[in-house]
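Okay, so here's the structure we're looking at.
Since every read-out is calculated from the coordinates, none of them should be taken as a lab result. None of these values were measured; they are calculated from a predicted model. All Cβ positions, glycine included, derive from the backbone under ideal geometry; neighbour counts span all protein chains shown.
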Amino acid sequence: MSVWQAFIELLRRDLRLAMRRRAEVANPLLFFVMVIVLFPLGVGAEPNLLERMSAGVVWVAALLAALLTLDSIFRSDFEDGTLEQLLLSAQPLSVMVLAKVVAHWLVTGLPLLLVAPLLAMLLGMKSEAMGTLMLSLLLGTPVLSLIGAIGVALTVGLRRAGVILSLLVLPLYVPVLIFGAAAVDAAASGLPVAGQLYILAAFLAMALSLAPVAAASALRISLS
Amino acid sequence: MTDLANSTVHLQADSVECSRDDRLLFENLSVEVSGGEALILEGRNGTGKTTLLRILCGLRRPDEGEVRWSGVPIEECAVDFHRHMVYVGHLDGIKRELTALENLRVLQTLSGRGRYTIEEALEAVKLGGFEDIPVHFLSAGQKRRAALARLLVTDARLWVLDEPFTSLDVHGIELVESLMDTHLSAAGALVMTSHHQVHLSAGVVKRLNLSES
């Protein structure tokens, strides 16, 4: 049985599971929408102010929504013992971890990416910045899932992992947030954005190659 | 893959030691099991039966000593070892939202195909007709049997079972015992813990009491 087949099978399993617990999946998306919709009500509907803040608000909301869902990457598998079986499978664990992270991103990251332009429009973001917003989220949100997987893998054995998970993961999220929001800001002011996007792409390349291995080792420690 | 499958099954723990929370569970413990043999771990609660099983299947590393599969330390032949070993622990390792069929298909893809197809395996554990129902709707005993069907769908030569009879009724226990007999007479090996009396008619049965060591 090839590694690729196992990757696809595990990815399909996680997507099928997501389909059967739709409410859980809709949660982060609702959170994302609510934060952005409530924001103008809180700070006042002054168009200039909202437009200037829109990049940061969308990015912060996406980041917190991602943080909210992290635990689901490994928690339920840990509780019902399927994670043990994954560790004992005849496939490289890092590839299996990658399959789970990809599934997590497809279920939680991709929907955010798709509704983001609508919500950005709500905050009055300039239409020139929309493309960059999508691109920065496309490069940035997978990094959030990948880094988050390491944090969850380390804390999955603990009973109340919420706070420690945030403490572990948030500092690593900050660079993604800074460059993501900066790219959108620059695009809104008509400045070149290639630099910020390249850095986000570099983060993604690094996270893609290192995070699955790190998360796999962390899982081995958590389950021993 | 094939040369290991054809060669004799041999798992050996060489003077392993393990302590948990500063309490020594066992030290200088050596056990081995080969094809056609069943090793039954006995002992009171908290004597480290589950811990020893987790060490034997590679989920946990012993503090001292090592575990060898056909003479090779299991960390060095992890993929081969895992292909020929199946572990059913306290947790069923079954997704409640998925059907038994879907669950087993994933496990089979992860660990390689065995002698039985998934349908045959479900039939063998008397779950025929339940394959398309999410496991969530099955009873505890049926769920356990779905977990035990895992023993049949891969080509595992070594079964490591932690309390396999939990929540099974008398018929279920007999059924699993007969599966174990078939496995042992096909030169498979078995390591298990159980609070129930285990009646095996095939193979050589070895017992190890951890309370006494």
Next on the checklist: How much length would be gained if the chain were fully extended between residue A:19 and residue A:189, taking 0.36 nm per residue of separation minus their Cα-Cα distance, in nm to one decimal?
Outcome noted: 57.2 nm
Next on the checklist: Hydropathy at least -0.5 by Kyte-Doolittle, axial extent at least 18 angstrom from the Cα trace: which helices of chain B, defined as entire DSSP H runs, fit?
Outcome noted: B:170-185
Checklist entry - Near the amide H of residue B:39, under 5 Å away, which other amide H atoms are found, from residues 5 or more places off or on another chain, if H is placed in the peptide plane? => result B:190, B:191, B:192, B:206
Next on the checklist: Can you give me the distance in nm between label points at residue A:37 and residue B:187, each placed 7 Å from the Cα along the Cα-to-Cβ direction?
Outcome noted: 6.7
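Provide, for the protein assembly as shown, the number of lysine pairs with alpha carbons under 25 Å apart, each pair being eight or more places apart or on different chains.
7
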Item to check | Between the range B:101-175 and the range A:27-103, the alpha-carbon center distance in angstrom | outcome: 34
Checklist entry - residue A:210 to residue B:96: FRET efficiency via 1/(1 + (r/R0)^6), r the Cβ-Cβ distance, R0 30 Å, to the nearest 0.05? => result 0.35
Checklist entry - Could you give me the ³J(HN,Hα) list for the range B:126-139, computed from phi with Karplus coefficients 6.51, -1.76, 1.60 and θ = phi - 60°, whole Hz, x at Gly and Pro? => result 6, 10, x, x, 9, 5, 9, 9, x, 4, 2, 8, 8, 6
Item to check | Per residue, the convex hull volume that the Cα atoms of the range B:107-173 enclose (Å³) | outcome: 97
Checklist entry - What residues have an amide H closer than 5 Å to that of residue B:25, excluding those fewer than 5 places away on the same chain, when H is modeled at 1.01 Å from N in the peptide plane? => result B:18, B:19, B:20
